[in-house]
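The values are calculated or read from the model by the stated rules, or taken from the named source; none is laboratory data. Computed from a predicted structure; not experimentally measured. Methodologically, a virtual Cβ is constructed for each residue, glycine included, from the backbone with ideal geometry; neighbour enumeration extends over all protein chains shown. The area values use the complete protein model at the heavy-atom level, side chains included, leaving out ligands, DNA and RNA. Shrake-Rupley method; radii C 1.70, N 1.55, O 1.52, S 1.80 Å.
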Amino acid sequence: MLDKAYNPQPTESRIYKMWEENRAFEPKDNPAEKPFCIILPPPNANGYLHLGHAMYVIEDILVRWHRMQGHPTLWMPGTDHAGIETQVVYERKLEEEGRSRFDLGPDKFYDEVMRFTRANQKNMINQMRSMGFSADWSKIKFTLDEDIIDIVYDTFIALDRDGMVYRGNRVCNWCPRCQTSFADIEIKYQEESAFMYTLDYGSVRIGTTRPETIFADTAVAVNPDDKRYKTLVGKKAIVPLIQKIIPIIADNHVDPKIGTGALKVTPAHDFHDYEIGMRHKLPNPSVIDKEGRMINVPDELSGLVTSEARTKTVDLLDKAGVLITKEPLQHSVAHCERCGTVIEPIPTDQWYVKVDKLKQRSKEALEKGDIRIIPERFTKQCIDWLDQMYDWNVSRQIWWGIRMPVYYPLESKSGKKEYLIAKTEKEAKDYYGEKNYRVETDTFDTWFSSSQWPHATLATNGMLDQFYPTSVMETGRDILFKWVARMIMLGLYTMNDVPFRTVYLHGLVRDEKGQKMSKSKGNVINPLEMTSVFGTDALRMALTIGVTSGNDGSLSTEKVEGYRNFINKLWNASRFVLMQCEEHKVVPANVAEDDFELLSLADKALFHELLDVRVFVTQGLEQYRLSEVGERLYDFIWDYFCDWYLELSKGESNPELLVFAVREILVLLHPYCPFVTEELWSHVKQKEFGMLIQQPWPAFVDSGCANEHTELEVVIAVIKAIRKIRAEQGVAPDKKVQVIVVPGKHASVLKPQQDHIMRLSRSDVLEFTKKPSGDVASLFLPDGIEVHVSMEGLVDLEGLKKEQTQLKSYVDSLGKKLSNEQFTSRAPAAVIEQERQKLAEAEGKLKKIEERLSTS
RNA sequence: GGACAGCUAGCUCAGUUGGUUAGAGCGCCUCGCUUACACCGAGGAGGUCACAGGUUCGAAUCCUGUGCUGUCCACCA
């Protein structure tokens with residue numbers, strides 16, 4: 001016999017081991033069925049599993065469901081080296097140890113991070129397994145696997161061959177701490193207080209927030225239509241302190257309303273100024289080096305970091321009498337997303353991928369609906385983002401990543417190409433000569449490799465033909481642009497087809513107050529703590545129910561606890577069923593699928609409800625309504641199966657049907673709660689059945705018991721009414737009561753259920769009559785049903801009076817509605833008929849209540 | 001500046017295409033160890049669906065506007 005309470009820990013590890021030993025997660029060939037494939041968003045192998053990863057439970061639900069439907073199903077797992085993020089994490093670790101990556105050098109650093117990553121990887125995989133994830137771990141890939149790198153190289157080489165790769169010296173986002181460039185999307189802006197300085201440039205006054213960059217000014221620009229400055233265009237201005245003479249030019253970019261309307265142009269340290277510089281063929285001398293320190297400036301400033309240089313320059317300007325005003329201002333400043341350092345725009349050599357064609361095709365795919373994004377609204381966002389995307393800087397000057405397959409000649413005048421993009425070093429040797437080349441040290445942007453993940457993982461497993469395009473990409477809303485959009489671009493480019501048909505986006509998991517979880521707030525919920533206390537199934541339910549696609553959800557210990565209670569309820573219901581079997585000498589393993597007979601009203605009603613749930617769950621999952629489906633299962637199991645059917649069955653046990661019902665419940669709930677269902681399955685399954693994870697998903701059939709289902713509801717209503725009267729009248733629980741039921745239209749339904757009604761309402765005597773007699777407390781139900789409980793002494797009529805008031809206003813509003821000609825002439829006949837019936841019902845009930853009230 | 005989302009019971013949230021007197025969980029109140037389950041059972045209280053207009057016979061649901069909260073993008077001399 002089962003334990004009195006479900007104990008998840010020992011069960012979960014045992015069950016998971018069984019699945020793995022039986023290779024239950026590997027796709028089964030079935031040419032007749034459509035394949036289903038999800039690529040797991042590879043977690044960054046630099047930390048621990050958090051709730052963001054735990055949300056992949058959505059994928060597990062879909063995967064398990066499709067597997068049960070007989071589709072060849074693959075959930076492809078992997079981990080990401082996560083370039084800069086991991087590098088920064090590891091550098092912090094080094095810092096704590098009093099070391100730095102520069103003590104190690106690139107090679108040693110790489111090796112150490114590789115060891116660190118491998119260890120984390122193992123960890124993460126085990127943590128995902130403890131979540132019950134049924135990914136095919138035998139196929140797991142890492143973004144730094146050699147065969148994956150090969151594919152990344154192939155793509156880069158192909159892009160180059162197609163003329164879509166170029167190297168350029170342009171202003172880029174540079175992080176002085178990370179010592180690398182970043183793409184625009186990896187920059188975070190923060191509001192900061194600063195000053196707007198107005199400076200005297202001789203003939204003109206300019207406004208700036210960055211006075212330290214004046215030494216790199218190569219022009220002053222004004223708007224061509226700005227009347228104030230019209231005569232100045234073509235004349236000269238003087239950069240203060242260094243007395244450098246620069247031209248005054250006209251450019252449309254300048255907004256006359258900002259500052260003084262005259263803009264100092266610093267092509268080396270500002271993106272827009274760089275563009276202006278290009279248009280006007282201005283030089284772009286740099287005064288900030290890659291460390292973020294001043295160079296090529298007056299001696300007293302040289303070597304200072306920009307913030308210090310700013311203060312000092314302002315001092316100097318002030319002393320020189322050229323600082324005209326200094327006004328506070330709020331503006332947003334670019335920071336490194338990873339380490340928070342202020343980003344310096346400086347000119348550097350970088351590799352770019354031209355995105356025009358890539359984004360065009362991606363947009364078309366989205367517009368045509370080749371890819372469906374759930375929720376829908378993100379489709380437009382994605383298209384808009386693609387629209388404004390600039391060429392993609394794919395090179396990073398970090399050590400942890402995939403080295404770019406590029407080679408340069410040692411001597412630039414060799415007459416050979418300035419660079420060679422080649423898959424192997426041998427090609428470089430052959431081309432430039434044995435010792436006449438050097439190897440590129442830049443690595444690829446992490447997103448460049450991870451954007452090839454769907455086809456790269458499938459190709460390296462030899463499953464491209466079977467599973468590309470994949471079915472669903474389920475991931476966090478926050479990486480729609482960074483990752484999803486780019487997967488679409490590169491997927492279409494390399495495979496000539498979209499990487500996935502459907503994108504399902506989930507939001508952030510917030511705390512019980514709807515606040516973002518963060519270490520500093522101390523409100524972080526660790527998924528593994530939750531699973532060890534409440535069980536994995538409970539956490540899975542908590543993460544799925546009450547959370548909708550694209551929106552943030554909130555999680556609390558109480559919520560998980562609630563679902564733990566639910567799991568335990570299911571456990572005990574099953575335990576009860578097994579006890580019934582024992583009592584009636586029924587061996588669950590011997591019960592065949594059609595071994596049960598529908599004997600009673602309750603049996604038929606249950607059978608109908610079971611099929612109804614089956615349809616709801618199947619259709620709901622088809623429509624990705626995971627929350628509603630989970631809720632329906634919860635309600636059905638607790639409020640219907642346990643509260644009503646099991647209670648009724650205590651009066652007329654039908655153990656074979658109970659076994660059937662529990663099996664059906666376990667099958668339907670399995671995608672959500674794989675562990676407890678699999679465990680219970682082993683107790684109720686038929687001999688020849690295999691594991692639950694491999695059970696076929698049930699098909700739809702007509703129950704033919706819809707009437708009985710409705711009839712049982714009438715019985716339930718009567719039981720509830722008696723209970724309510726007892727509670728309202730303060731009848732002691734152990735006190736016997738005499739009940740009189742006027743069955744109205746439902747005599748034939750209610751009379752045979754007399755025993756059930758009496759038992760579940762704890763009534764002693766139950767009579768069916770046309771009219772009550774004596775002192776009674778009453779409730780009036782639809783279809784003329786009246787429930788009366790004999791009372792000795794005073795009857796509390798407050799409840800009835802309250803109901804009378806409510807009914808009166810209800811009858812009023814219905815009456816108004818029905819006497820409104822607009823309504824009766826325009827509303828559909830069915831609706832009018834419905835309202836009429838409601839009114840008749842309510843009026844009948846009201847009349848009875850009033851009669852009852854008048855007799856006391 | 002542009003776009004998007006949210007505003008529904010004390011709290012956290014559901015509510016598919018407009019049509020019963022708007023739902024759940026938790027919390028709260030009253031009872032209760034009745035042949036699985038106190039991780040439980042029975043009953044109950046609690047909402048002008050942010051606000052203002054509009055469309056409609058009918059609006060939480062559609063439209064317009066306002067407010068607050070949040071997210072993303074762009075700008076920031």
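From the residues in the stretch A:746-757 that are surrounded by fewer than 19 Cβ atoms within 10 Å (Cβ to Cβ) and in contact (Cβ under 8 Å) with a residue 40 or more places away in the chain, which one is farthest from RNA strand B (Cβ to nearest atom)?
So the residue we want is A:PRO752.
So in the stretch A:609-653, with the set limited to residues that are free of Cβ contacts under 8 Å to residues at least 24 places away in the same chain and of a type in the set (S, T, N, Q), which one is farthest from A:ALA573 (Cα to Cα)?
Within the stretch A:609-653, the match that is farthest from A:ALA573 (Cα to Cα) is A:GLN623.
Could you give every pair whose Cβ atoms fall below 6 Å, whose first residue belongs to the stretch A:584-600 and is under 15 Å from A:SER703 (Cα atoms) and open to solvent by less than 90 Å² (accessible area, probe 1.4 Å), and whose second residue is part of a loop (DSSP other than H, G, I, E, B) and of a type in the set (A, V, I, L, M), counting only separations of at least 6 or pairs across chains?
none
Step by step: first the residues of the stretch A:361-390, then only those that are assigned to a loop (DSSP other than H, G, I, E, B) and without any contact (Cβ under 8 Å) to a residue 12 or more places away in the chain, then the one that is nearest to RNA strand B (Cβ to nearest atom). Which residue is that? Lay out the reasoning, then the answer.
Restricting attention to the stretch A:361-390, the residues satisfying the condition of being assigned to a loop (DSSP other than H, G, I, E, B) are A:369-371, A:375-376, A:388-390.
From the residues that got through so far, the ones that are without any contact (Cβ under 8 Å) to a residue 12 or more places away in the chain too are A:369, A:376, A:388.
Numbers: A:GLY369: 17, A:GLU376: 9, A:GLN388: 6 Å.
Checking each candidate, the answer is A:GLN388.
Looking at the stretch A:720-731, is at least one residue open to solvent by less than 10 Å² (accessible area, probe 1.4 Å) and either away from RNA strand B (no atom under 15 Å from the Cβ) or without any contact (Cβ under 8 Å) to a residue 24 or more places away in the chain (or both)?
Initially, the stretch A:720-731 is screened for residues open to solvent by less than 10 Å² (accessible area, probe 1.4 Å), giving A:721-722, A:725.
So of that shortlist, the ones also either away from RNA strand B (no atom under 15 Å from the Cβ) or without any contact (Cβ under 8 Å) to a residue 24 or more places away in the chain (or both) come out as none.
No, there is no match, as no residue in the stretch A:720-731 is open to solvent by less than 10 Å² (accessible area, probe 1.4 Å) and either away from RNA strand B (no atom under 15 Å from the Cβ) or without any contact (Cβ under 8 Å) to a residue 24 or more places away in the chain (or both).
Please specify each residue of the stretch A:191-208 satisfying the condition of being within 11 Å of RNA strand B (Cβ to nearest atom) and either touching an Asp or Glu at 6+ places or on another chain (Cβ under 6 Å) or open to solvent by 40 Å² or more (accessible area, probe 1.4 Å) (or both).
So in the stretch A:191-208, the residues within 11 Å of RNA strand B (Cβ to nearest atom) come out as A:191-192, A:194-199, A:205-208.
Listed by number, the residues that qualify are A:GLU191, A:GLU192, A:PHE195, A:MET196, A:ARG205.
Of the numbered conditions (1) more than 9 Å from RNA strand B (Cβ to nearest atom); (2) over 30 Å from A:PHE481 (Cα atoms); (3) touching a Gly at 6+ places or on another chain (Cβ under 9 Å), A:LYS264 satisfies every one except a single condition; which is it?
(1)
So for the stretch A:696-707 (the condition being assigned to a loop (DSSP other than H, G, I, E, B), more than 22 Å from A:TYR640 (Cα to Cα) and either of a type in the set (Gly, Ala, Ser) or within 15 Å of RNA strand B (Cβ to nearest atom) (or both)), does at least one residue qualify?
Checking the stretch A:696-707: not a single residue is assigned to a loop (DSSP other than H, G, I, E, B), more than 22 Å from A:TYR640 (Cα to Cα) and either of a type in the set (Gly, Ala, Ser) or within 15 Å of RNA strand B (Cβ to nearest atom) (or both).
Using beta carbons and a limit of 8 Å, which pairs, at least six apart or on different chains, have the first residue in the stretch A:489-508 and open to solvent by 50 Å² or more (accessible area, probe 1.4 Å) and the second one of a type in the set (Phe, Trp, Tyr) and in a loop (DSSP other than H, G, I, E, B)?
That search, which allows pairs on different chains as well, returns A:MET495/A:TYR468; A:ASP497/A:TYR468.
Could you grab me the full set of residues in the stretch A:601-617 that are within 28 Å of A:ILE545 (Cβ to Cβ) and either among the aliphatic types (A, V, I, L, M) or crowded, with 18+ Cβ neighbours inside 10 Å (or both)? Show your work before the answer.
Applying the first criterion (within 28 Å of A:ILE545 (Cβ to Cβ)) to the stretch A:601-617 yields A:602, A:605-617.
A:ALA602, A:ALA605, A:LEU606, A:PHE607, A:HIS608, A:GLU609, A:LEU610, A:LEU611, A:VAL613, A:ARG614, A:VAL615, A:VAL617, listed by residue number.
Does at least one position in the stretch A:39-52 carry a residue that is of a type outside the set (S, T, N, Q), in contact with a Phe, Trp or Tyr (Cβ under 9 Å, 6 or more places away or on another chain) and within 19 Å of A:PRO671 (Cα to Cα)?
Yes, the stretch A:39-52 contains at least one residue that is of a type outside the set (S, T, N, Q), in contact with a Phe, Trp or Tyr (Cβ under 9 Å, 6 or more places away or on another chain) and within 19 Å of A:PRO671 (Cα to Cα).
Which condition from (1) buried (at least 17 other Cβ atoms within 10 Å of the Cβ); (2) without any contact (Cβ under 8 Å) to a residue 40 or more places away in the chain is the one that A:LEU40 breaks?
Of (1) buried (at least 17 other Cβ atoms within 10 Å of the Cβ); (2) without any contact (Cβ under 8 Å) to a residue 40 or more places away in the chain, only one is false for A:LEU40: (2).
Could you list all residues from the stretch A:563-579 that are more than 7 Å from RNA strand B (Cβ to nearest atom) and in contact with a Leu (Cβ under 6 Å, 6 or more places away or on another chain)?
A:SER574, A:VAL577
Are any residues in the stretch A:597-633 near RNA strand B (Cβ under 9 Å from one of its atoms) and in contact with a Leu (Cβ under 9 Å, 6 or more places away or on another chain), and if so, which ones?
Correct list: A:GLY620 only.
When you look at A:LEU316, is it in contact (Cβ under 8 Å) with a residue 24 or more places away in the chain and assigned to a helix (DSSP H, G or I), yes or no?
yes
Considering (1) open to solvent by less than 40 Å² (accessible area, probe 1.4 Å); (2) part of a loop (DSSP other than H, G, I, E, B), say which one A:LYS257 fails and leave the rest.
(1)
Being away from RNA strand B (no atom under 14 Å from the Cβ), open to solvent by less than 40 Å² (accessible area, probe 1.4 Å) and either over 30 Å from A:CYS178 (Cα atoms) or touching a helix residue (DSSP H, G or I) at 6+ places or on another chain (Cβ under 8 Å) (or both): is that true of A:ILE242 here?
When the stated conditions are applied, A:ILE242 does not pass them.
How many residues does the stretch A:544-565 hold that are within 10 Å of the chain's Cα centre (by Cα) and aliphatic (A, V, I, L, M)?
Number satisfying all stated conditions: 1.
For the stretch A:509-562, which residues satisfy the criterion of being near RNA strand B (Cβ under 8 Å from one of its atoms), open to solvent by 30 Å² or more (accessible area, probe 1.4 Å) and not in a loop (DSSP other than H, G, I, E, B)?
Selection gives A:ARG510, A:LYS516, A:SER554, A:GLU558, A:LYS559, A:GLU561.
Can you name every residue in the stretch A:668-705 that is open to solvent by less than 60 Å² (accessible area, probe 1.4 Å), more than 16 Å from A:GLY132 (Cβ to Cβ) and touching a Gly at 6+ places or on another chain (Cβ under 8 Å)?
Within the stretch A:668-705, just A:TRP697 meets the criteria.
Can you find a residue that is open to solvent by 60 Å² or more (accessible area, probe 1.4 Å) and within 16 Å of RNA strand B (Cβ to nearest atom) anywhere in the stretch A:288-308?
There is at least one residue in the stretch A:288-308 that is open to solvent by 60 Å² or more (accessible area, probe 1.4 Å) and within 16 Å of RNA strand B (Cβ to nearest atom).
With the requirement that a residue be in contact with a Gly (Cβ under 9 Å, 6 or more places away or on another chain), surrounded by fewer than 18 Cβ atoms within 10 Å (Cβ to Cβ) and closer than 30 Å to A:ARG836 by Cα, what does the stretch A:758-806 give you?
Result: A:PRO782, A:ASP783, A:GLY784.
On the given criteria, is A:PRO285 within 16 Å of A:ARG210 (Cβ to Cβ), touching a helix residue (DSSP H, G or I) at 6+ places or on another chain (Cβ under 9 Å) and within 16 Å of RNA strand B (Cβ to nearest atom)? Full working, then the answer.
On the way: within 16 Å of A:ARG210 (Cβ to Cβ): yes; touching a helix residue (DSSP H, G or I) at 6+ places or on another chain (Cβ under 9 Å): yes; within 16 Å of RNA strand B (Cβ to nearest atom): no.
So A:PRO285 does not fit the description; no.
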